[in-house]
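Below you'll find the structure, written out as structure tokens, and then a few comments.
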Amino acid sequence: MKTIISPINNRPDRLPPGQHWTNKLHVLGIADPPDIDLSEYRLEIFGEVEEPIILTWEDILDLEKVRLIADFHCVTRWSAADVEWVGFHVEELKKLVNIKDTAKAVMIHSLDGYTTNIPLKYFFDEDVIFAYRLFDQPIPEDHGYPLRLVVPKLYSWKSAKHVAKIEFMPEDRPGFWEQRGYHMLGDPWKEQRYSI
Ligand SMILES: Nc1nc2c(c(=O)[nH]1)N[C@H]1C(S)=C(S)[C@@H](COP(=O)(O)O)O[C@H]1N2
Ligand SMILES: [Mo]
């Protein structure tokens, strides 16, 4: 299995401004983790694509596996170093759907009702994966079981847990926290915490 080390781990300014290191991932979520039966789990890909598709859990496990090692920066100012995930790289999606030229951003829809938006330039990046394992275990319920997005270069509210749908959008539009004042992009090194 290929291992990707996020380039953020090798930055000279590895710890973004206003953050401090902590030794674990703290659980943050808008609701209790949803109950999930993997035999009924589906991942939907729709929006600005030629043919929308729906993947089963088996389809997801068939995608090429990749390991990612990346720091995790929460907007509430804690950062966890060298978090280790396994899953599939976002580029795998391009083998499954033809994304239209009109697509500009994605909205990730989660099973707990959470949503978050990411511009395509940050979504299709070298270190962005959909993960189903965390530190060599299936992702624990409260850390995003069964599948979560990991976007190391942005604050971790963009790393949606319990992913159910990937929507390709013609224009960027705010997700759950972005509608409530969080920044539309969320670059930790620019301290893009809030939009006001
Ligand atoms: N589905 C879902 N994903 C989510 C959230 C959420 O409430 N629901 N919270 C976000 C926020 S604000 C943070 S900081 C991280 C926390 O991830 P963790 O609980 O694994 O540490 O998940 C993000 N992804
Ligand atoms: Mo957060």
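The values are calculated or read from the model by the stated rules, or taken from the named source; none is laboratory data. Remember, it's a predicted structure, so these values are computed and weren't measured experimentally. Every residue, glycine among them, receives a Cβ derived from its backbone with ideal geometry; neighbour counts consider all protein chains shown. When the accessible area is computed, the model is the full protein with side chains, heavy atoms only, and any ligands, DNA or RNA have been set aside. Shrake-Rupley method; radii C 1.70, N 1.55, O 1.52, S 1.80 Å.
Structure notes:
- In the range 94-102 there is no residue that is crowded, with 18+ Cβ neighbours inside 10 Å, under 18 Å from the mean Cα position of the chain (by Cα) and outside any loop (DSSP other than H, G, I, E, B).
- Count - residues of the range 36-48 that are in contact with a helix residue (DSSP H, G or I) (Cβ under 7 Å, 6 or more places away or on another chain) and open to solvent by less than 40 Å² (accessible area, probe 1.4 Å): 3
- Near pairs, Cβ below 8 angstrom, 6+ apart or cross-chain, from the range 51-66 (under 19 Å from Pro138 (Cα atoms)) to any residue that is of a type in the set (S, T, N, Q) and modelled with pLDDT of 95 or more: Trp57/Ser39; Val66/Thr3
- Looking only at residues of the range 15-35 that are open to solvent by less than 70 Å² (accessible area, probe 1.4 Å) and more than 18 Å from the chain's Cα centre (by Cα), we find that the one that is nearest to Ile139 (Cα to Cα) is Thr22.
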